[in-house]
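Inspection log for the structure reproduced underneath, given as C-alpha cells.
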Amino acid sequence: MRRAHETLGVAALAKQLGVSHKHLDGLFRQRVGVSPRKLARVLRFHDVVASLQGGPPRSWAGLASQHGYADQAHMIREFRSFAGATPLTFFRARTPLWLALPPERRRKLSPESHASRLGKNRSIARATSELQALSMPITPPSPLAVVLAVLSTFLVGGLWYSPLLFGKLWQRAVGLIDAQLKIGVARVFGVSLVCALVFAANLGFFIGGASSIWFGAFAGFAAGFGFVGVGLVTSYVFARRPAQLVLVDALYHVVAATLAGTIIGAMGQPP
C-alpha cells in the first residue's frame, strides 16, 4: 500500500488490480477498517514522523515534497488532523532539546567542536562542572557511631592479640618478651586510640550518615582489605617480616574495619 501510494495513487492502484475504486474501498473498509485513501494518509504521516527521529529537516517544504504532499500547507493540515499540532510543535514536544536544534547548531555545540576550538582546558572545565553537578552532599556520621566504632576496634584487638587467639603467635613473630610488652603501655594505647579515632571518623564520612548496615559492612571490608591490609602486606614483605605476622596483622585490620563499618552503617540507617 505504501509503494502503491508513492507511485500510483489509490485510483491507479484500483485500475492496476482490475477492480473499481468503489470495490477496492469496500474491501479495505471490510478488512482494514478504513478506506485506502485514509490508510495512505496514515502511512504517509507515519513516514514523516519516522523521518523526524534523526532531527529537524533542513527545509519543511522539502520534507513535504519528499513525502508526496502538495506543499507545506498540505502537510501541516494533515498533521493537525492526526496529531492536533503542526509538524514543528509535534517534533519539539517529543524530541530532546539537543535534537530539536538545527543540524548546523548541533555541530557547533558538539563536544568535538568545543574541544577543537577551545582546547583541552575548556574540556577539563566542562567535565569538572558536570562532576560537580552530579556530586552528592556529604552526610556526616553519627558521633556516637564513630565512638562505638573506635571501641569495637579495641575490643577486637584485645581478643585478637590475646593468648586465646593469636597473641602468642604474634609475640613470637615480632620477637618481644612479656617484660618488653609492659614498657610504654600508656603511649602505645594513646597513639592507638588517636589512630583508631581518625580511621573511624574517615570511614564514617566515607559511609555517610544516611547509609545502611550492608553498605557500611562492605565499605569497612573494602577499606580494611583493599587499603590497610594490602598496604601492610606490601610494607612487611619489603621489611622481610615473617608470613605469620603479615597474616595476623592484616587480617586484624580487615575484621576490625568491617565491624566498624557495620556499626557506622547500622547507626546511620535512615528510619
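For the stretch 244-271, the candidate set comprises residues that are among the small types (Gly, Ala, Ser) and modelled with pLDDT of 90 or more; within that set, the residue that is farthest from Ala145 (Cα to Cα) is Ala250.
Confirm whether Phe154 is part of a helix (DSSP H, G or I) and either loosely packed, with under 14 Cβ neighbours inside 10 Å or under 34 Å from the mean Cα position of the chain (by Cα) (or both). When the stated conditions are applied, Phe154 does not pass them. If the condition is being over 14 Å from Leu169 (Cα atoms) and of a type in the set (A, V, I, L, M), then the stretch 223-249 contributes Ala223, Val228, Val230, Leu232, Val233, Val237, Ala239. Within the stretch 86-115, restricting attention to residues that are assigned to a loop (DSSP other than H, G, I, E, B) and at pLDDT below 80, the residue that is farthest from His46 (Cα to Cα) is Ser110.
The values are calculated or read from the model by the stated rules, or taken from the named source; none is laboratory data. None of the values given here were measured: they were computed from a predicted structure. Every residue, glycine among them, receives a Cβ derived from its backbone with ideal geometry; neighbour counts consider all protein chains shown.
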